[in-house]
Amino acid sequence: MTSLADKGCVPTHNLFQGSWTQVSCPCCMSDRVEPLVVIRLSDKVQPVTKSWLISLIEASKRHGGAALLAHPGEDECGDVIVVSAPRCTLLKATEDLGLCKKYCNGDMVAFSYQDRSNFSNVDNMQEFLTLAQRQYIVKNELDSLQSQKKQKIPGVTEAIGTWENICQKLTKAGVIKDIFPLHDQEKLNDLGKKWYSEKQIWGQPLDAIQSYFGDTVAFYFSFLDFYTWALVPPALLGLALTFLVPGGGESSGTVMKKQVEEGVMGDDDDDGPSVSGHMVQAVFSMLWSTLFMEFWKRRSSALSERWGTLQLSESFAEPRPGFHGTLGINPVTGRLEPLFPEWKSQLRVGLVSVPVVGLFMGLVVLGMTGFYYGEALAQSFHQDSASWFSRVLLYLPSIIHIVYTNMLGNMHSTVALQLTEWENHREESSFQNHHTTKVLLFTFFNNFAVLFHIAFYKQDLPLLRKRLASLLILAQLLNQFTEVVVPFLVDRFITAPQKELLEDDLEEETLRSQRSLPSFPGLFSEYIELLVQFGYLSLFSCVYPLTAVLLLLNNITEIRGDAYKICKLFRKPFSPPVSNIGVWQTAFEVLGFVSVMSNCWLLLLSPRVQEFCLEGRISSKNILLFAILVEHVLILFKMVLAFMIPDEPDWVRIKREQMEFQSMQALGQRKL
């Protein structure tokens, strides 16, 4: 087995005393080798096993290796392997991923290894590739390691079959505990000063985030930043309707609530202005949700071009780590790998997963029933006592139900992940799609079912307003506690003392302090939180105009809190190259369409509209037909508006078409 060590591509193994020295491989002579990724091994791993894995990592791809550089860490008996990559491996992987880089003329062009001399900074990997890209390439190469023949693992009783994934096998065998990228403390501190330490409210160093944490994290924070800015117009409108428009601060629903509490339904209340505000807010919400998503797509495409992910290549996906089955020959690749019939996965989805998700939705309905029962008791108690205490108790059923739905949501997230694992999907993309679908369906039902039921079945706008206010205020309090207070306490009393113990030993600070941190949990829950926010605003803000104001205040601290957590409280995550926020964009667009129907019917249920229909003696059938007509017209208008706004700016479209043309030319030249 020929390794990079045999070719001279060997660092001095001096990781903790400055940087690695230059390598002697002709194509990598000018590069400074840097530690990028840590493989954490079991405490019981044998030195012979570790040496075998290092030699495999350093072996050339022609001989079944990863063509990377491996360092044994503190010593040959330690439980870590530090991995880096030579220049040639990084450049070839850049082409395989389809990343775009700056050409000699200044344009962003799909990188070609054969034409590498014409790209800017190609001799300096720290400038040519971001830290996140270099670390992801190392992880990708490690994940691609496959055994070319059946062989025994030294120091382990198990053997690896032909074409079996080596890292997956070693993980299942307990040899590898985890793999994570190393923080660069100097760069991280500089990023923190620009990101969450400054007291400015607006703006984020998106390019620095993308360079350090990668595209996935950068697109999330870019979306969060864009969404927070987009909340300003509806927040200003909400403030105007609440405090400037006569009657706006006390909507028709509040007036009706007071009348019910007083036992009268007087005719002297003029809710005209407030209902006008209701209509303005409803129409504005529908237009805002459309414009927000269309302009975000333009923003996303511009960022994708700037970060070189406009034309990512797709490759045949390897089996994900959790996939299992009977070993056999894959008919596509001809390799030996676990095989599991797709129809069995689909059968598990249909016969088990769907009923389980349905069961959780039944628990949501059960919680709604309990909420209405508690609401009736609280109303009855208030009518009997009419005290300040009973008035406070009116909000208790909502608060209890909100806590119940949050607990149910957390429980469902755990079960959904276990179900998706059990379904045994081969590809990571399929696994993520099934998992996301389960969580999205339940999240929508869990968070919005009671609101839809109150609005359209009970037709109780005062209760809907109170419920929405309770949700937003309680969510604010919980979010401020989890996003600000908890991270501060963890960093102040747990993380900081550990760092102080290690501050005199740079070697231990580099590795041990980082591997003691928990793994980054991902951005799934963060996107879910934003999606629920977007639903409250686009679906029901016409009932409670201050929705956008509360969300805006929440998100200003959300940005800083999320930034603080990812920098200080978790290990650095791997971040694959992406060109947008993926399936979440579709989820937000679907909610935008639902908002048209929701706002139309809420407008129809407003007291003034109903009073106007009764005075004009308009039949319920005609009212329904008119509402359906207006709904369809607005949906058509929304679709036309979305069509009229291009998803890409013209300059991005031209860049993308130029890249496609150049790729076709390059392909034609290769055929010749």
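The values are calculated or read from the model by the stated rules, or taken from the named source; none is laboratory data. The structure presented is a predicted model; accordingly, all values stated were derived computationally and were not measured. Reconstructed Cβ throughout: ideal geometry from the backbone, glycine too, with neighbour counts over all protein chains shown. Remember, those area values only see protein heavy atoms, side chains included, never the ligands or the DNA or RNA. Shrake-Rupley method; radii C 1.70, N 1.55, O 1.52, S 1.80 Å.
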Q: For Glu250, work out the one condition from (1) open to solvent by 20 Å² or more (accessible area, probe 1.4 Å); (2) in a loop (DSSP other than H, G, I, E, B); (3) modelled with pLDDT of 50 or more it doesn't fulfil.
A: (3)
Q: Quick one: count up the residues across segment 572-589 that are open to solvent by less than 20 Å² (accessible area, probe 1.4 Å) and touching a Ser or Thr at 6+ places or on another chain (Cβ under 6 Å).
A: 1
**Q.** Scope segment 176-205; condition outside any loop (DSSP other than H, G, I, E, B), under 22 Å from Pro521 (Cβ atoms) and at pLDDT 90 or above; matching residues
**A.** Ile176, Lys177, Asp178, Ile179, Phe180, Pro181, Leu188, Leu191
Q.
So, restricting to helices (runs of 4 or more DSSP H) that lie completely within segment 530-616, which ones have at least 1 residues that are without any contact (Cβ under 8 Å) to a residue 60 or more places away in the chain?
A. 583-605, 607-615
Q. Which one of the conditions (1) touching a Lys or Arg at 6+ places or on another chain (Cβ under 6 Å); (2) in a strand (DSSP E or B) does Val82 fail to meet, given that it meets all the rest?
A. (1)
Q: Among the helices (runs of 4 or more DSSP H) lying completely within segment 450-529, list those that include at least 1 residues that are closer than 30 Å to Gly374 by Cβ and at pLDDT below 75.
A: 461-480, 486-490
Q. Out of segment 420-437, which residues are part of a helix (DSSP H, G or I) and open to solvent by 20 Å² or more (accessible area, probe 1.4 Å)?
A. Glu421, Trp422, Glu428, Ser429, Ser430, Gln432, Asn433, His434, His435, Thr437
Q) Under 7 Å by Cβ, and 6 or more places apart or on different chains, what pairs join a residue from segment 466-478 that is surrounded by fewer than 19 Cβ atoms within 10 Å (Cβ to Cβ) with one that is not in a helix (DSSP H, G or I)? A) Ala469/Tyr544; Ser470/Tyr395
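Conditions tested, residue by residue: (1) at pLDDT below 85; (2) over 28 Å from the mean Cα position of the chain (by Cα).
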| residue | (1), (2) |
| --- | --- |
| Gln311 | yes, no |
| Pro331 | yes, yes |
| Leu336 | yes, yes |
| Thr369 | no, yes |
Q.
Looking only at segment 84-125, how many residues end up being more than 19 Å from Ala66 (Cβ to Cβ) and among the small types (Gly, Ala, Ser)?
A. 6
**Q.** Which numbered condition Val403 misses (of (1) open to solvent by 10 Å² or more (accessible area, probe 1.4 Å); (2) assigned by TED's automatic domain parsing to the domain that holds Trp584)
**A.** (2)
Q. In this structure, is Val109 under 17 Å from Arg40 (Cβ atoms) and at pLDDT below 90?
A. no
